[in-house]
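Written out below as structure tokens is the structure these notes cover.
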Amino acid sequence: MVKDKRHKTVKILIEGAHVNEFKEIFEHIPKTTVAEELGIHFNRFNNLIDKPAEMKVNDLFLLSGYFEIEGQKMFELIHNQVSNTRKGTRKK
């Protein structure tokens, strides 16, 4: 599979802690590019970005393999996004 060269940039940004949430990845590489190269329907992929808590473990490992990072690191990015989203929606 021929990958877009920007995936290496994203890897460096993740490892350098410049990307802290899953959705921030797509400020550096287009969603359409990643979805197309992984063979995921764009609407489903867009849903995964908006609601990462609904992501399957298989998708998590597929994405971590694409960006050449550990699955645990991808989980941390997803966890950060979910945690930050929930903080803003708590009932008072």
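Counting only residues that are within 18 Å of Lys3 (Cα to Cα), give me the helices (runs of 4 or more DSSP H) lying completely in segment 22-92 with at least 3 of them.
Details: elements: 31-38, 42-50, 57-66, 71-87.
Here the list reads 31-38, 57-66.
Looking across segment 9-49 at every residue that is without any contact (Cβ under 8 Å) to a residue 40 or more places away in the chain and basic (Lys, Arg), the one that is least open to solvent (accessible area, probe 1.4 Å) is identified as Lys31. Using the structure shown, decide if Leu77 is modelled with pLDDT under 95 and touching an Asp or Glu at 6+ places or on another chain (Cβ under 9 Å). No: the conditions fail for Leu77.
The values are calculated or read from the model by the stated rules, or taken from the named source; none is laboratory data. These numbers come from a predicted model, not from an experiment. All Cβ positions, even for glycine, are placed from backbone atoms using ideal geometry, and neighbour counts span all protein chains on display. Accessible surface areas use protein heavy atoms only, side chains included; no ligands, DNA or RNA. Shrake-Rupley method; radii C 1.70, N 1.55, O 1.52, S 1.80 Å.
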